[in-house]
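Reading through the structure tokens given below for one structure.
The values are calculated or read from the model by the stated rules, or taken from the named source; none is laboratory data. In this text, all values refer to a predicted model and were calculated from it rather than measured experimentally. So basically every Cβ, Gly included, is an ideal-geometry build from the backbone, and we count neighbours across all protein chains shown. Note: accessible area is taken over every heavy atom of the protein model, side chains too, but ligands, DNA and RNA are not part of it. Shrake-Rupley method; radii C 1.70, N 1.55, O 1.52, S 1.80 Å.
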Amino acid sequence: MAAERRIVIENCAIATVDGHDTEYASGHVVLAGNRIESLGAGAAPEGLENVVRRIDATGHLVTPGLINTHHHFYQWITRGLATDHNLFNWLVALYPTWARIDEPMVRAAAQGSLAMMARGGVTTAMDHHYVFPRGSGDLSGAIIGAARDMGVRFTLARGSMDRSEKDGGLPPDFAVETLDGALAATEETVRQHHDSSFDAMTQVAVAPCSPFSVSTELLRDGAQLARRLGVRLHTHGSETVEEEKFCHELFGMGPTDYFESTGWLGEDVWMAHCVHMNDSDIAAFARSRTGVAHCPSSNARLAAGIARVPDMLAAGVPVGLGVDGTASNESGELHTELRNALLINRLGGHKEAALNARQALRLGTYGGAQVLGRAAETGSLEPGKLADLVLWKLDTLAHASIADPVTALVFGAAAPVTASFVNGRQIVEDGRLLTADEDAIARATRDEARRLAKIAAGA
């Protein structure tokens, strides 16, 4: 790395989230190009060549960048609706509006979702997009383009639905694709956009929406497609008691058994929510290394329940954090999920022993990298890994009297982001995006939200 441009960060607390939870009360990190070259206690080594920038990070905690494992970007323009509904009623209320989205709406919504996450410390994002109205344009391209422009590492989970109301599902008939159409479009998206390289900025997963919005054939064929193409699989699972009842009535078995019967358990699979899991379900996920995207705020917003995260972790299930769509988590921020995951899980059976601050941070970083299949590249601060990291400012009124920086970050108010780096490139400075105009994005999302509301009202 001698010829690479180096950035040196010094005088900071460091939480590496590596396999030993190594931390430094005052240390340094050296970035060379898009990789972490070295880190450790005290000042950086003397004699480093080609140092283009030195950052005095006194008063800061440096962590791996946050990794979001579940989201629906398009919902940014339908925030604040159906605020007192459970999941099924919420979906029924909003599907008719969502089914009228188009490319400009999706582009603006993706920009809004990405901007809110990036300015709050997210360096790897994902979007589970499954609504593709006929004639709506290149929605996948719009989402991927927004992430590329923002400078965020990104996974598009190309979703699909083929079970509409006439087939016993929840989406309206005009909101779904055909089985063959969904599979063909998904394969084309993977072939056009997926990058399997170590430092890939864009990856694609195969992601039929949920048991109550897709056919058994789409689930089974989608799993076969993903494995033929060598990409990951994502869907919603075990989110509510209504879903469990639906699966028993329609398939004669619970969600986990149904997923297993269609090829949807495995180390290349991760599922969102997984709130209603019994001991055998958790054992099946652990045995197969199936991952979970835990979305505490959305689960609370929709009164879905408290996921058994401590039990999953104890069993060896990979668990990351998710914002979920902003129609069920209006803040759209992942760093607040660190705190919410810790607090909400303490309301469950494990009480104060459920999660601690460092476990919460691991969920939002290394756990997310495991779930997205990128733990070799990101999720912890280690030499040779990608230069995705965040400098959290902890010396202000909000945090200065909390001695332990990780406790301050997780238990305290949302910490300001002084700098966020993705692939060695800084994308946030002093809480503002360097790669996009936040005010322009706010105007565009407001305009597109109003346009969608008008179209939906007219329909």
| task | Could you do me a favour and compute the accessible area per residue for the range 59-180, 1.4 Å probe, result in Å²? | result | 28 Å²
| field | Most to least packed among 431-439, 59-67, 299-307, 360-368 [average Cβ atoms within 10 Å] | value | 360-368, 59-67, 299-307, 431-439
| query | Does the range 384-435 come out rounded, prolate or oblate, given a ≥ b ≥ c as the square roots of the eigenvalues of its C-alpha gyration tensor, rounded meaning a/c under 1.5 and, failing that, prolate meaning a/b above b/c? | reply | oblate
| Normalised by the residues of the chain, what does the relative contact order come to in percent, with Cα pairs under 8 Å and at least six apart? | 20 percent
| query | From the Cα gyration tensor of the range 314-406, with a ≥ b ≥ c the square roots of its eigenvalues, which class applies: rounded if a/c is under 1.5, or else prolate if a/b is larger than b/c, or else oblate? | reply | rounded
| query | Distance in nm between label sites at GLU242 and ALA457, each 7 Å beyond Cα in the beta-carbon direction? | reply | 2.6 nm
| Within the range 20-35, what residues put their amide N at less than 18 Å from the label point 7 Å along the Cα-to-Cβ vector of GLU46? | 28
| field | Beta bridges per DSSP with both ends in the chain, % antiparallel, nearest 5 | value | 45 percent
| request: Rounded to the nearest Å, what's the spacing between the alpha carbon centres of the range 396-459 and the range 4-61? Just the number, please. | output: 24 Å
| request: With a 1.4 Å probe and every protein chain left in place, work out the accessible area per residue of the range 290-334 in Å², rounded to a whole number. | output: 20 Å²
| task | For the range 1-71, evaluate the Debye formula with one uniform point scatterer on each Cα (no solvent term) and list log10 I(q)/I(0) at q = 0.11, 0.13, 0.14, 0.21 Å⁻¹, rounded to two decimals. | result | -0.28, -0.39, -0.45, -0.90
| task | Could you tell me what percent of the accessible area of the range 76-222 is made up of carbon and sulfur, with a 1.4 Å probe and every protein chain present? | result | 47 percent
| field | the range 252-391, relative contact order in percent, only Cα pairs under 8 angstrom and at least six apart counted | value | 20 percent
| query | Seen from all sides and averaged, what is the projected area of the convex hull of the Cα atoms in the chain, in nm²? | reply | 20.5 nm²
| task | Report relative contact order for the range 193-322 in percent, whole number only (criteria: Cα-Cα under 8 Å, sequence separation at least 6). | result | 20 percent
| For a label point 7 Å along the Cα-to-beta-carbon line of ASN356, residues of the range 369-411 with backbone N under 17 Å | 403-411
| query | So for HIS194, HIS350, HIS20, HIS294, what's the accessible-area order with a 1.4 Å probe, most first? | reply | HIS20, HIS350, HIS194, HIS294
| message | Using a 1.4 Å probe on the protein heavy atoms, what percent of the accessible area of the range 242-321 belongs to carbon and sulfur? | response | 50 percent
| What's the center-to-center distance, using Cα atoms, between the range 82-133 and the range 237-289 in Å? | 24 Å
